[in-house]
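For reference, the structure is listed below as structure tokens.
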Amino acid sequence: MKLRKVTAASAVVLALTVTATACGGDKKDEGGSSGGGKKITIGIKFDQPGIGQKTPQGYAGFDVDVATYVAGKLGYKPDQIEWKESKSADRETMLQRGDVDFIAASYSITPERQQKVDFAGPYLLAHQDVLIRADDNTIKSPADLNKKKLCSVTGSTSAQNVKDNLAPKAQLQQYPTYSACLTGLQSKAIDALTTDDSILAGYAAQSQFKGKFKLGGFKMTNENYGIGVKKGSDLKAKINKALEEMVSDGSWQKAVDKNFGPAGYKNEPAPKIGDIKS
């Protein structure tokens with residue numbers, strides 16, 4: 001009888017051990033460096049149409065397509081990806097804490113950021129530009145923004161850059177969101193909206209705005225979009241290889257055309273890995 005009690009207790013311990021092991025097997029591959037784990041966590045923007053957007057149908061945008069392709073090359077299927085919102089101010093902290101395995105979120109490579117995180121890429125060369133109404137022929141160069149109402153989102157430096165360096169008499173308008181700027185542009189409350197051309201193209205490509213806006217094509221700055229990883233991560237080399245394959249097999253250009261094409265976005269050729277334009 002005593003022996004049976006010990007045996008039964010042992011069976012319970014064994015069952016609990018097996019259960020715990022099974023539960024542990026559902027955890028994502030920490031760091032994602034080897035690929036093929038249960039989950040990989042990727043940071044993207046949730047509120048940038050054409051770049052990274054959370055929709056009722058799922059996640060969409062150029063960065064989402066790039067990240068999905070890269071994850072595939074790392075051994076993860078789309079249903080093994082956990083998407084996490086990465087706001088601009090939070091990106092370095094999220095990588096340093098290990099909240100995400102990598103970030104693809106209109107993430108410009110800068111010397112300041114490279115002190116804190118590593119970057120694969122670049123995978124897109126964007127430029128600061130302006131979005132204007134399709135029927136507006138008065139703004140043909142940055143200088144034409146003088147005395148015009150120029151919008152950007154609160155906290156952004158884009159409009160101030162234009163005023164400081166290109167159009168000192170521009171009338172700066174700060175709105176809480178890019179969508180609010182677009183509404184103002186449509187109603188003629190403002191004359192132009194400025195930020196990265198890729199972001200502008202993504203907004204202008206939305207069905208409700210199709211044909212209503214156009215890009216100025218001014219290329220006022222270079223914005224080298226990279227994929228951020230934790231400092232020292234071996235993911236950097238693997239992601240770089242995946243990005244090269246995405247360009248060579250045509251998937252990169254297809255993603256550009258799908259997400260930015262409706263806005264008439266004239267994209268730069270795919271940048272070479274490590275070629276950061278100043």
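The values are calculated or read from the model by the stated rules, or taken from the named source; none is laboratory data. Bear in mind that the values here come from a model prediction, so they are computed numbers and not experimental data. Every residue, glycine among them, receives a Cβ derived from its backbone with ideal geometry; neighbour counts consider all protein chains shown. Only protein heavy atoms, including side chains, enter the accessible area calculation; ligands, DNA and RNA are left aside. Shrake-Rupley method; radii C 1.70, N 1.55, O 1.52, S 1.80 Å.
Residues of segment 76-93 falling in the label zone of Lys39, defined by backbone nitrogen less than 19 Å from a point 7 Å along Cα to beta-carbon, are 76-87.
Ranking Ile227, Pro122, Asn146 by Cα position along the charge dipole of segment 84-234, where only Lys, Arg, Asp and Glu carry charges on their C-beta atoms, puts Asn146 farthest toward the positive end. Within the listed set Val64, Val130, Val162, the Gaussian network model of the chain (springs between alpha-carbon atoms below 10 Å) gives the highest mean-square fluctuation for Val162. When the P(r) of segment 83-188 is calculated, the portion above 17 Å amounts to 63% of the C-alpha pairs. The order of the peptides 253-264, 194-205, 117-128, 221-232 by mean Cβ neighbours within 10 Å, most packed first, is 194-205, 117-128, 221-232, 253-264.
Straight-distance candidates among the aspartates and glutamates for linking to Lys230, with alpha-carbon spacing under 14 Å and chain neighbours fewer than 8 residues away dropped: Glu30, Asp90, Glu92, Asp99, Asp101, Asp118. Sorted from greatest to least, the principal axis extents spanned by the alpha carbons of the chain come out as 95, 35, 32 Å. Computed over segment 128-227, the alpha-carbon pair-distance distribution with 10 angstrom bins reads 17, 56, 25, 2, each value a whole percent. A full extension of the chain between Asn165 and Asp99 corresponds to an added length of 20.0 nm, given 0.36 nm per residue minus the alpha carbon distance. In terms of distances greater than 22 angstrom between alpha carbons, the cross-link table entries Lys188/Lys219; Lys54/Lys87; Lys87/Lys148 yield Lys188/Lys219; Lys87/Lys148. Basic side chains Lys and Arg get +1 at the Cβ, acidic Asp and Glu get -1 at the Cβ, and with that the dipole of the chain about its Cα centre reaches some 600 debye. Volume per residue for segment 34-150 equals 151 cubic angstrom (convex hull of Cα atoms).
Over all directions, the projected convex hull of the C-alpha atoms in segment 95-150 averages 6.4 nm² in area. Counting pairs of alpha carbon atoms under 8 Å apart in space and at least six apart in sequence, what relative contact order in percent does the chain give? In percent, rounded to a whole number, it is 24.
In this structure, the amide hydrogen of Asp101, modeled 1.01 Å from its nitrogen in the peptide plane, lies closer than 5 angstrom to those of Thr41, Ile42, Gly43, counting only residues at least 5 positions away or on a different chain. The DSSP beta bridges internal to the chain are antiparallel in roughly 60% of cases.
Each label point was placed 7 Å from the Cα along the Cα-to-Cβ direction; for Asp275 and Thr55 their separation is 3.2 nm. Within the straight-line cut-off of under 12 Å between alpha carbons, none of the aspartates and glutamates are reachable from Lys238, sequence neighbours fewer than 8 places apart in one chain being disregarded. Taking all protein chains into account, the per residue accessible area for the chain stands at 50 Å² (1.4 Å probe).
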